[in-house]
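*Asks:* Structure in structure tokens, see below.
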Amino acid sequence: MQINLLNKYKEMPAAVRTSVWFTVCQFLQRGIAFITVPIFTRLLTTEEYGICNIYFAWFDVFILFTSLKLPYEGLNNGLIRYEDDKDGYTSSIMGLISVLTLSAGGVYFLLHKWIDRATGLSSFIMLLMFIQLMFNPPLMLWTNRERFDFRYRKPVAVTAVSTVLNLFVTVVAVISTSYKAEARIIGTVSVQTLFGVIFAVLLFVRGKTFFKKEYWSFALRFNLPLIFYYVSQIILNQSDRIMINYYQGSGKAAVYSVAYSAATLMLLVLSSINGSFNPWMYKKLKAGKYRDVGQTASIVCLLVGGATFAVSALAPDLIRILATEEYMEAIWIIAPVSASVYFIFLYMVFANVEMYYGENNGISVISIICSALNIVLNMIFIPMFGYFAAGWTTLVSYMVLTLLHFVLMKRACRRKDLPEKVFQEKNLLAISSGVILLSFAAMGLYRLQYFRYVAFAAALILTFAFRKRLIAVFRQMGKGGAEDEE
């Protein structure tokens, strides 16, 4: 059995093995990040934990403008275009990011008082941020450069070492001082700087190119049009915590962050499901087997919806595991944010169809609309109802985003004159409505502990009853739709 599995692994194409190992890396990083939540919620006060989360939220915002996401799409497309000088192109992109980061640092130096007030972070913490902004991209560039050439052993080793080292250094740093928020941030920045310096030197030694007009021009032309889409995604992911900090302080932002971590636990699994479902769906669409796509999508969405209910129903237990009694208010945020995760998965399913048929022009527009909606709703309802409102504004924003993706998906199908519907739309509507209703029901069961467990057990029994059908679906997806190519 073991020899058989090993042979199958060796027979996998390099691209598949690389994808598998990078998925493992993603699970490792997100899994350890989740595991650290109960550690730091107990070592730091709510205000200190809130400051750390606000720092990482603002880091995601700043790095968008200092790197323009060039280590990702801009790198891959450039490596294809300039395949005869891949090392030169990579080091040149590192040079461009360095210039953008130094320029942003200069702007901060001139406007630091206003920026400090806007972010709610001290000048010292902002200095740490710019160090991380400078040395985070080299590691990303090197990792994605290795992935492009289907080399995965070194990136996997580096990811494992850096992730474990980051956890060790930050815990030791926090325990060793009374300035715990700063120590938490310094630990992360130190580890990323160590690896960043190593790989920045490696990239420049290999490529020997800091500036090349053609490379910089291509990268900027490719990535700048995508900036509005990236901004909208950052707003949807991070604006809640930033605005809670602005209106109600870092302590409430900390409580919201814990709830968000618990509710988005499913993203670990959903990213893997989507990674299998997407290529399978593309091959089914190519073969014209729309009914297979519709049936499987309904089953998978039903499973995801059940998982969101499970997370919502177990909210009090999750918070007791992740944090202390100070964070128990977070239970009232988990249900709407957990439901949001379901709609994130659903809109990705619709978006995959749009992109398959080449109808992706509207994706940036609707993302901007929904991110603006999220900000406006937060501005209205957080001052009125407190930070609890942010969970519901997130849910509404993702529901609207899902609806707009559905409209774009339907337009793409009409333009291709498909003979039948891709999805079982009434089933998806029923499942989506059920997710929302069960989110409310779960909140009503928080004070009825035994009823919650009975409901959770019933969901497990139902899943077990349909286990053969679910296993068959995932086995079929695991084949990648290969039977359609025979």
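The values are calculated or read from the model by the stated rules, or taken from the named source; none is laboratory data. Please read these numbers as outputs of a predicted model, since none were measured by experiment. Virtual Cβ from ideal backbone geometry, glycine too; neighbours counted across all protein chains shown. For the accessible areas, the whole protein counts, side chains as well, though only heavy atoms, and no ligand, DNA or RNA atoms are used. Shrake-Rupley method; radii C 1.70, N 1.55, O 1.52, S 1.80 Å.
*Asks:* What whole-number distance in Å separates the alpha-carbon centres of the stretch 103-153 and the stretch 289-313?
*Replies:* Using only Cα atoms to place each centre, the spacing works out to 38 Å.
*Asks:* Please report the carbon-and-sulfur percent of the accessible area for the stretch 218-370; probe 1.4 Å, protein heavy atoms only, DNA, RNA and ligands left out. Before the final figure, lay out each step's value.
*Replies:* Numbers: 3240 of 5180 Å².
In the stretch 218-370, the share of accessible area belonging to carbon and sulfur is 63 percent.
*Asks:* Under the Karplus relation 6.51 cos²θ - 1.76 cosθ + 1.60, θ = phi - 60°, what is the ordered set of whole-Hz ³J(HN,Hα) values for the stretch 428-445, x standing for Gly and Pro?
*Replies:* Once rounded to whole Hz, the list reads 5, 5, 5, 5, 5, 5, x, 4, 5, 5, 5, 5, 5, 4, 4, 5, x, 9.
*Asks:* May I pose another question? Taking only protein heavy atoms into account and a 1.4 Å probe, give the accessible area per residue of the stretch 392-432 in Å².
*Replies:* Per-residue value: 54 Å².
*Asks:* Using the Cα centre of the stretch 232-316 as the reference point, and only Cβ charges (+1 on K/R, -1 on D/E), how large is the resulting charge dipole? Debye, rounded to the nearest 20.
*Replies:* Details: 7 positive and 2 negative charges, 75 e Å.
So the dipole magnitude of the stretch 232-316 works out to roughly 360 debye.
*Asks:* If packing is taken as the mean number of other Cβ atoms within 10 Å per residue, what is the order of 412-419, 316-323, highest first?
*Replies:* Put in order of decreasing packing, that is 316-323, 412-419.
*Asks:* Could you order the peptides 175-182, 54-61, 423-430 from most to least packed, using the average number of other C-beta atoms within 10 Å per residue?
*Replies:* Final packing ranking: 54-61, 423-430, 175-182.
*Asks:* Aspartates and glutamates near LYS284 by alpha-carbon distance under 15 Å, same-chain residues fewer than 8 away left out - which ones?
*Replies:* Partners within reach: ASP292, GLU354, GLU420, GLU483, ASP484, GLU485, GLU486.
*Asks:* I would also like to ask the following. Calculate one ³J(HN,Hα) per residue across the stretch 101-115 by plugging θ = phi - 60° into the Karplus curve 6.51 cos²θ - 1.76 cosθ + 1.60, and present them in order as whole Hz with x for glycine and proline.
*Replies:* 5, 5, 5, 5, x, x, 4, 4, 4, 6, 10, 4, 5, 5, 5
*Asks:* Quote the Stokes-Einstein diffusion coefficient, in whole µm² s⁻¹, for the stretch 268-408, based on the Kirkwood radius over alpha carbon pairs, a temperature of 25 °C and a viscosity of 0.890 mPa s. Present the calculation step by step, with values, prior to reporting the outcome.
*Replies:* Numbers: Rh = 16.7 Å.
In µm²/s, the coefficient rounds to 147.
*Asks:* Quick check for you: with a 1.4 Å probe and neighbouring chains kept, what is the accessible area per residue of the stretch 114-174, in Å²?
*Replies:* 45 Å²
*Asks:* Rounded, prolate or oblate: which fits the stretch 196-308 when a ≥ b ≥ c are the square roots of the eigenvalues of the alpha-carbon gyration tensor, with rounded for a/c under 1.5 and prolate only if a/b beats b/c?
*Replies:* Numbers: a/c = 2.26, a/b = 1.18, b/c = 1.93.
Oblate is the answer for the stretch 196-308, as a/c is 1.5 or above yet b/c matches or exceeds a/b.
*Asks:* Something else: Using every Cα-Cα pair within the stretch 64-105, state what percent have a distance larger than 13 Å.
*Replies:* Of all Cα-Cα distances in the stretch 64-105, 50 percent exceed 13 Å.
*Asks:* Ignoring ligands, DNA and RNA, what percent of the accessible area of the stretch 78-199 is carbon or sulfur (1.4 Å)?
*Replies:* For the stretch 78-199, the apolar C and S fraction of the accessible surface comes to 68 percent.
*Asks:* Sticking with this structure for a sec: Which number do you get for Rg(Cα) / (2.2 N^0.38 Å) in the chain?
*Replies:* Output field value: 1.00.
*Asks:* Semi-axes, largest first, in whole Å: what does sqrt of 5 times each Cα gyration tensor eigenvalue give for the stretch 46-177?
*Replies:* Equivalent-ellipsoid dimensions as semi-axes: 30, 21, 10 Å.
*Asks:* How many Å² of accessible area per residue for the stretch 178-244, probe 1.4 Å?
*Replies:* For the stretch 178-244, the solvent-accessible area averages 49 Å² per residue.
*Asks:* Also: How do the peptides 103-114, 127-138, 192-203 rank, highest first, by the average count of neighbouring beta carbon atoms within 10 Å per residue?
*Replies:* The most tightly packed comes first, giving 127-138, 192-203, 103-114.
*Asks:* Taking θ as phi - 60°, what are the ³J(HN,Hα) couplings along the stretch 391-400 by the Karplus curve (6.51, -1.76, 1.60), each to the nearest whole Hz, with x for Gly and Pro?
*Replies:* x, 6, 5, 5, 4, 4, 4, 6, 5, 5
*Asks:* For the stretch 374-421, list log₁₀ I(q)/I(0) at each q in 0.14, 0.21, 0.23, 0.30 Å⁻¹, using the Debye formula over Cα point scatterers of equal strength and ignoring solvent, two decimals each.
*Replies:* Ignoring solvent entirely, the Cα scatterers give -0.48, -0.68, -0.75, -0.99.
*Asks:* Suppose every K and R has +1 on its Cβ and every D and E has -1 on its Cβ; what is the size of the dipole of the chain about the Cα centre, in Debye to the nearest 20?
*Replies:* On the way: 44 positive and 29 negative charges, 172 e Å.
Dipole about the Cα centre, nearest 20: 820 debye.
*Asks:* Helix-only estimate, please: 222 nm mean residue ellipticity of the chain, summing -39500 (n - 2.57) across DSSP H runs of length 4 or more and dividing by its residues, to the nearest 500.
*Replies:* The helix-only estimate for the chain comes to -28500 deg cm²/dmol at 222 nm.
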